[in-house]
Each structure stands twice: as C-alpha cells, then as structure tokens.
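Step one of this worksheet: look at the structure below.
The values are calculated or read from the model by the stated rules, or taken from the named source; none is laboratory data. If you're wondering where the values come from, they're calculated on a predicted model, not measured in any experiment. Here the Cβ positions follow ideal geometry from the backbone for every residue, glycine too, while neighbour counts run over all protein chains shown. For the accessible areas, the whole protein counts, side chains as well, though only heavy atoms, and no ligand, DNA or RNA atoms are used. Shrake-Rupley method; radii C 1.70, N 1.55, O 1.52, S 1.80 Å.
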Amino acid sequence: MAGDYIVKDIALAEFGRKELNIAETEMPGLMSLRAEYGESKPLSGARIVGSLHMTIQTGVLIETLVALGADVRWASCNIFSTQDHAAAAIAAADVPVFAIKGQTLEEHWDYLDKSFLFEDGPNMILDDGGDATLYILLGARAEAGEDIIAVPTSEEEEVIKAQIAKRMAASPGWFTKMRDQIKGVSEETTTGVNRLYQLVKDGQLPFPAINVNDSVTKSKFDNKYGCKESLVDGIRRATDTMLAGKVAVVCGYGDVGKGSAASLAGAGARVKVTEVDPICALQAAMDGFEVTLLEDEVATADVFITTTGNKDVIRIEHMREMKDMAIVGNIGHFDNEIQVAALKNHKWTNIKEQVDMIEMPSGSRLILLSEGRLLNLGNATGHPSFVMSASFTNQVLAQIELFTKGDEYNNDVYILPKHLDEKVARLHLDRIGVKLTRMDNEQAAYIGVKPEGPYKPEHYRY
Ligand code: NAI
C-alpha cells in the first residue's frame, strides 16, 4: 500500500539511498546471502515484524530479507536511534516503516503496533531487546484476563498498558491471534535474550526463538569491536570534549564493557572499570584497567559509562557527588542503568538533540547523553556497517531457519550451529584481505576436526 509509513521526511530518501549503496560495499555477509538465496527465495511467504534500530545498516538487512522473498514491516526499538534518511529510503522502496529519530514513547509503542498490521498478520518476529515479543505476549495475557506488568521502566509501563488497552478496544482477540500465528523470533541483543530465557523458565514462551546475540560472530564482534568504534564516536559528537588524559569509568566488563573500555583507552582516557563478576573483574585487571568501586571514583572521574544491562547502576546519590560537568551516558540496551527519572525535578538545559545539562542541588552540572538511552545510537550512528553485517547475517540465517524449519523446534531458545557461525565469519574475510590457513587431513585428524570445520568444540569460549 503506497504511503504506508511514518518517517520524518520522505525527501531524505535520496540521501539515504546513497548511504545504503555505500553500506552494501561494507556488508559482504548480507550481500552474499542475497547472491546465494536471491533466486530460491526461502523467505517467500514470511511476513516479518522487525523491531530494531532503523539505521542505514538495518536498511541493508531489510532489503536482504525482501530479496529473499519476505514481506517486512519495521519499527525502531529505541526512540533516539532512527536515522531519518535510512527510514525515508526504506519507505521510498515501498517497505512500510514507522520510525522517527526523537519519537515519543507513546509513538514508539504505536509504531510497534503498526508494524504488526500486515493484511494477514505477521508470522515472524525479528526483535532487538524484546519489545515486539513483549508487546504481543503482554497483550495476549491481558486478553486472558491476567493482570499485566511490563518490564522496562515505570514510565514506560503506563505507556505500554495504554497502547495495549487501545488495541484491545479496537480489535478484540487481536493479541492472542497474533501470538498464535508467530512461527518464531530471532533476538539480536543480550537484554532481549535474557528476557527470552526468563520466559522459557516461566513456561511462557509460545514459539521457538533463536538467540542471535550468542553467535560468536555477533556478541564477540558487534558488542565488542562495534562499541570500540561507536562509544567514543557518540561522546565526541555529543560533547566535542577532549578525552585524552581524562578519567573514564566503565561500569561492567562484559562484551560491551570490553569494547567500551578499549574505545576510551584508544582515545587516551585513563579508564577504570567496575564489575560484580570476579571473572570479568580479573579480565579487566589483566587487560590493564584498574578495577574499583563506583563510589570511590564518583567525585573525581570525568566520564561515566554504563554497559551492564542491569538497572540502577548509576544512582541519584552517585550523580549528586559528581564533579561539575561530568559526562554521564549509557551504552546498554535500556535507560534504567542510570536513574534518570530521579533527575526529572532538577533544572535541565537542552544543549542540542540528545544532549542535556542538568543542574544538581549543589550547583554542579552534569552532561547527560541521550537521556540515558544507548548513546552510540542516540548521539552517533551506531556501529559501522562491517560489524553489523556479521550480526545481521546471523539474523537472516536465523529467520530462514525458523521460517522454513520452525516446526522442528520446541518453544525454547536456540543458538545457530557452529558451522553457520563459522560461515558468517568466513563471508567477512575477503573484504579485509584475510588469508586463511588450510590444514591437511592429517593435521585435522590429529586435533579431531574436519579440514572444512567446525574447528572448535561447543564448549570453546573464544
Ligand atoms: P554482558 O552480560 O556480557 O556484560 C554485562 C556485564 O555487566 C557483566 O559482566 C556483568 O557482570 C556486569 N554487571 C552487571 N551488573 C553490574 C553492576 N551493578 N556493576 C558493574 N557491573 C555489572 O552483556 P553485554 O553483551 O556486554 O551487553 C550489555 C548491554 O549492552 C545489554 O543491555 C545489551 O543488550 C547491550 N548492547 C548494546 C549495544 C549497543 O550498540 N549499544 C550492542 C550490544 C549489546
């Protein structure tokens, strides 16, 4: 249906298309899937709801799903992460997309709802952070008369409930119908994957799921090397501050924390890390970072970044103690890592989009990035195309698997097999001139693998 989109300005489509064309040259995994499956079209008949940052890289993902035969409708999974020219280019290519950078929370859930409105309803979900899955499951529970509580933040909970009530009034039974026709979901990120495992534990997952995040070629690349490039990019575009010599505290040393600490160290900052897990704390120390307590650094450090996927990590009592003009930001999935709600009564001065200066009762000021939402996508343009190609190649393989063989799976969470993980990596070697050594049959037999792989046992951790 022509005009079935909500974007900031459709006139940005031409700019978006130019950048999509460049991104394609940096996304060899997706482009080779187009070459491999463009004729057989394994996704013919798939009607995919996408809830994932509407960026240029996501545009290449969407057009790959379409090239493989899918019908797609798309919403962003964050109110600040949309690149309006990318959304415009995708809308101009007749893919329904509902995403504007800076949309309100009400619009966010309304746009997600609109992404479900295929004529015959969707049969697949491609999720990032789990909002699309959450929406349908909460709605179905509400239709069953259960009291529902939503997960993300208290502010958002009311918005989600209102959106669910609106849809229930307009189309009784809709959520249950949607839930029952979904064949499966592929989930992009750590936080969304945690939600899925929780659903399985509670016996509440109604369809199979593929955990894309824990493909090695996703979390050990996007979360790490992606953040290594995009964290400092976000801080610089937001503040133009000199990072060399400054003290930066990174909360969490998982995959995102490792990339974030490396990003800041690469910029010359003196990086300190906080952790709750002794293994990650030891890793940080042996990578050369001081591992300490946030409380010990809060009055003296210049930059604070949360990467934990946990809540209430930087709390109001911490922010009260920070020195004047400290920079505070989050690169984890949700904004509840920093207690932003507790700052609402303070004086906010907007500096520019997604950059606010907040005056504390003591008179000292904080620079808060993207209102505590993931700053690499709010203040900059997220990870570069090349690393997103690896993530999204896993996404497409997961969609093909669930759409074509979903009936063979239980309502559980699965990871793609290692040979596909290795295939994703292999597809990215040529572009950066990597020459792979091939072992002979005797060597392969000696270490107990096949010359063509898989090369590692399941328990290997990379
Ligand atoms: P992870 O589980 O590997 O790392 C999180 C680390 O934080 C863990 O080591 C954990 O022990 C630590 N942690 C938990 N609570 C803590 C606390 N109170 N203080 C200090 N450390 C604490 O997860 P991963 O993959 O690093 O992802 C982190 C978050 O980033 C998730 O929300 C994920 O969805 C998101 N993400 C964001 C991306 C972006 O581009 N902005 C890209 C990929 C993931």
TODO: Give the residues of region 206-216 that are over 16 Å from Val396 (Cα atoms) and either open to solvent by less than 10 Å² (accessible area, probe 1.4 Å) or touching a Cys at 6+ places or on another chain (Cβ under 7 Å) (or both), sorted by residue number.
DONE: Phe207
TODO: Scan (1) in contact with a His (Cβ under 9 Å, 6 or more places away or on another chain); (2) of a type in the set (D, E, K, R); (3) surrounded by 24 or more Cβ atoms within 10 Å (Cβ to Cβ) for the single condition Glu229 breaks and write down its number.
DONE: (3)
TODO: Could you identify the single residue in Ala75, Ala23, Ala89 that is under 30 Å from Glu157 (Cα atoms) and open to solvent by less than 10 Å² (accessible area, probe 1.4 Å)?
DONE: Ala75
- [ ] Tell me which of these Glu317 doesn't satisfy, since it passes every other one: (1) within 15 Å of the ligand (Cβ to nearest atom); (2) in contact (Cβ under 8 Å) with a residue 12 or more places away in the chain; (3) not assigned by the TED database to the domain that holds Met124.
- [x] (2)
Open item on the list: Whether any residue in region 454-462 is surrounded by fewer than 10 Cβ atoms within 10 Å (Cβ to Cβ) and of a type in the set (Ser, Thr, Tyr) is what I want to check.
Closed with: yes
Task: Neighbours by Cβ (under 9 Å, 6+ apart or cross-chain): first from region 170-183, over 23 Å from Gln399 (Cβ atoms); second open to solvent by 30 Å² or more (accessible area, probe 1.4 Å) - done: Ser171/Lys177; Pro172/Glu143; Gly173/Glu143; Trp174/Glu143; Trp174/Arg167; Trp174/Met168; Thr176/Glu143; Thr176/Ala144
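Which ones in region 185-210 are among the polar types (S, T, N, Q) and touching a strand residue (DSSP E or B) at 6+ places or on another chain (Cβ under 8 Å)?
Listed by number, the list holds a single entry, Ser186.
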TODO: Please specify each residue of region 427-453 satisfying the condition of being surrounded by 15 or more Cβ atoms within 10 Å (Cβ to Cβ) and outside any loop (DSSP other than H, G, I, E, B).
DONE: Arg431, Ala444
TODO: Taking Asn330 as the residue in question, decide whether it is within 14 Å of the ligand (Cβ to nearest atom) and either modelled with pLDDT of 95 or more or over 20 Å from the mean Cα position of the chain (by Cα) (or both).
DONE: yes
Task: Residues satisfying the stated conditions in region 355-411, i.e. over 21 Å from the mean Cα position of the chain (by Cα) and among the small types (Gly, Ala, Ser) - done: Ser362, Gly363, Ser364, Gly406
TODO: Residue by residue through region 410-426, note down the ones that are open to solvent by 50 Å² or more (accessible area, probe 1.4 Å) and touching a Gly at 6+ places or on another chain (Cβ under 7 Å).
DONE: His419
Open item on the list: Name the residue that is farthest from the ligand (Cβ to nearest atom), counting only residues in region 241-283 that are buried (at least 24 other Cβ atoms within 10 Å of the Cβ) and assigned to a loop (DSSP other than H, G, I, E, B).
Closed with: Ala269
- [ ] Go through region 136-204 and tell me which helices (runs of 4 or more DSSP H), entirely inside it, have 3 or more residues that are open to solvent by 20 Å² or more (accessible area, probe 1.4 Å) and within 16 Å of the ligand (Cβ to nearest atom).
- [x] 190-201
Task: Residues of region 340-379 that turn out to be open to solvent by 10 Å² or more (accessible area, probe 1.4 Å) and assigned to a loop (DSSP other than H, G, I, E, B), as a count - done: 11
Open item on the list: Cβ contacts < 7 Å: first residue hydroxyl-bearing (Ser, Thr, Tyr), restricted to region 438-461; second residue assigned to a helix (DSSP H, G or I), any location; separation 6+ or different chain. Result?
Closed with: Tyr455/Glu422
